[in-house]
Amino acid sequence: MLLVPIWLAIKSVIKSMIDSESSLNDLKKFKRNYSVLDFLSKKLIRTEGFEELKGLNFGNRKAVIKLSVILSPSCVHCHKTFQDAFDLVLRFPDKIFLNVLFNVNPENNDNPYKIVVERLLMINRSTPGKTVEALSDWHIKKMGLKKWLKKWHSDPVSMMINQEIQKQYEWCSRNNFNYTPVKLVNEKIFPNEYDMSELKYFLNDFAEVDH
C-alpha cells in the first residue's frame, strides 16, 4: 500500500521526462531545418564595400560557406564566437572560409583595446604565420592586456592599417552594427536563435543551394 503513491509519483516524473525529451527532439528537428534558418537570417542593409575589407582569413577561400565574424577585443562574448568559428574551420577546412573583422573606432584613443586590433592586423601583414597564435592568446586563452602586449610586439602601425580599421568601422556603421559580436554567413546575419557551432548542421544545405 505504501509503495503505490511512491510509484505513482515516480511514474509521473518519468512521463514528464519522456514528454520533455520528445519536445526537445522536436525542437531540434525544427531548428535544424534549413528553411527555418534561412527565414531567420536577415539580409545586410548594405553590402557595398564588404568584399574590399581585409580581415584575418582562415580556411578555403573557395568554400561554399563564407563565415565572417565581427569582433571587438573588449567584448567578452566575442571570445566564444571566435572559438566556435575557428573550431568550425578546423573541423571543416574545405567547406568553411572564415573572415575575422573588427568594429573599433580608430579615432577613440581612450580605448585601451584599440592597440590589440592594430597589432593583430600588423602581425597578420608582417608575420601571418603568427596570426592564429596571437588571436588565440586573446580570445581563447583570454590573456590579459598587459601580458598580451608584452608578448606580441609589432612594427609601428602603418597608415594602411589605420585606414583598414577605419574602413571596417565605417562599414559596420552603415549596417547599424553598434554591437559585437556580429556573425555573417554568405553575407546574411546569422540568427541569434542559433549558436555559432550549430552551423555544422547545415553544411550540406548550403552546398545544395550553391549548386
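The values are calculated or read from the model by the stated rules, or taken from the named source; none is laboratory data. Values in this document were obtained by computation on a predicted structure and should not be read as measured data. A quick note on method: Cβ atoms are made from the backbone with ideal geometry, for glycine too, and the neighbour counts reach across all protein chains shown. Surface areas here come from the heavy atoms of the whole protein model, side chains and all, with no ligands, DNA or RNA. Shrake-Rupley method; radii C 1.70, N 1.55, O 1.52, S 1.80 Å.
Some notes on this structure:
- Among residues of the stretch 116-131 that are farther than 13 Å from Asn162 by Cα, those with a beta-carbon under 7 Å from a residue that is open to solvent by 70 Å² or more (accessible area, probe 1.4 Å) at least six positions away or on a different chain give the pairs Ile123/Lys130; Ser126/Asp155.
- Lone qualifier among Glu208, Glu198, Glu187, Glu170 - being of a type outside the set (Ser, Thr, Tyr), open to solvent by 20 Å² or more (accessible area, probe 1.4 Å) and in contact with a Leu (Cβ under 7 Å, 6 or more places away or on another chain): Glu187
- Selection status of Pro128, farther than 24 Å from Asp87 by Cβ and open to solvent by 10 Å² or more (accessible area, probe 1.4 Å): no
- Some residue of the stretch 135-142 being surrounded by 14 or more Cβ atoms within 10 Å (Cβ to Cβ), charged (D, E, K, R) and farther than 18 Å from Val69 by Cβ: no
- Among the residues here, Gln163 qualifies as under 20 Å from Leu120 (Cβ atoms) and open to solvent by 30 Å² or more (accessible area, probe 1.4 Å).
- So Asp110, is it open to solvent by less than 50 Å² (accessible area, probe 1.4 Å), free of Cβ contacts under 8 Å to residues at least 24 places away in the same chain and charged (D, E, K, R): no
- The residue that is modelled with the lowest pLDDT, among those in the stretch 146-178 that are hydrophobic (A, V, I, L, M, F, W, C) and more than 21 Å from the chain's Cα centre (by Cα), is Val157.
Per-residue answers, yes or no, for (1) open to solvent by 20 Å² or more (accessible area, probe 1.4 Å); (2) within 16 Å of Phe190 (Cβ to Cβ); (3) of a type in the set (A, V, I, L, M):
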position: Val69; (1), (2), (3): no, yes, yes
position: His77; (1), (2), (3): yes, yes, no
position: Phe82; (1), (2), (3): no, yes, no
position: Ala85; (1), (2), (3): no, yes, yes
position: Leu88; (1), (2), (3): no, yes, yes
position: Ile96; (1), (2), (3): no, yes, yes
position: Asn103; (1), (2), (3): yes, yes, no
